[in-house]
Amino acid sequence: MKRIIVPLLAAMILAGCRLHPLYAGGESSAVATGFRSVEVGPIPLRTGWLTRNALVDRMGGEHPGGAYRLEVELNDNVTGFGIRGDSATTRERRTLRARYRLVERASGAVMLDASAGSDAGIDVVSSEYATVAAEQTAAERLSGQVADQIVARIARYMSAPRTP
């Protein structure tokens, strides 16, 4: 009896909260249409290149000349800590923060101004190659996580009802 009542009760509660899928409607949804109108501007440095590629992939490709332009400024920082007795670093933290703006091309108005960020811990080992490889892997992972946060926020913006 509980197996029937609990899901039924949960469905009734959720039906009243106006919860709806963000990507409902597939390619014709407001989010998918909105993504096709966003041009991602260039972002300097390697982490910028990684982040831009992740953004372009997640938004369905390049859209030059779209109604919106996405401007991203990155702050990539590697901090050493976990110092041994001989002053050698044993642990690093790589932090990637992004401030981004969604700008309407026609008016130049900033439609969305927000930030995203993530960080990762890196073990510093005796092999310099292994440490550099770990730093690069962390940069790739962080770029993807930051891109996910940016895309989710833009999707939320695109799905929101607009008032004229």
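Note on the stretch 32-124: with charges restricted to the Cβ of Lys and Arg (+1) and Asp and Glu (-1), its dipole about the Cα centre is near 40 debye.
R0 = 22 Å: FRET efficiency of ASN53 with ASP123, Cβ-based, nearest 0.05? Spell out each step's value before the answer.
Details: r = 27 Å, r/R0 = 1.21.
For R0 = 22 Å, the calculated efficiency reads 0.25.
In plain terms, the C-alpha convex hull of the stretch 28-114 casts an average shadow of 7.2 nm² when viewed from every direction.
Applying a DSSP loop filter and a limit of 16 other Cβ atoms within 10 Å to the trypsin sites (Lys or Arg not before Pro) in the stretch 116-162 leaves ARG162.
On a per residue basis, the stretch 30-99 carries 55 Å² of accessible surface, using protein heavy atoms and a 1.4 Å probe.
The values are calculated or read from the model by the stated rules, or taken from the named source; none is laboratory data. These figures come from a predicted structure and were not determined experimentally. No Cβ is skipped: glycine too gets one built from the backbone with ideal geometry, and neighbour counts run over all protein chains shown. Note: areas computed on protein heavy atoms with side chains; ligands, DNA, RNA excluded. Shrake-Rupley method; radii C 1.70, N 1.55, O 1.52, S 1.80 Å.
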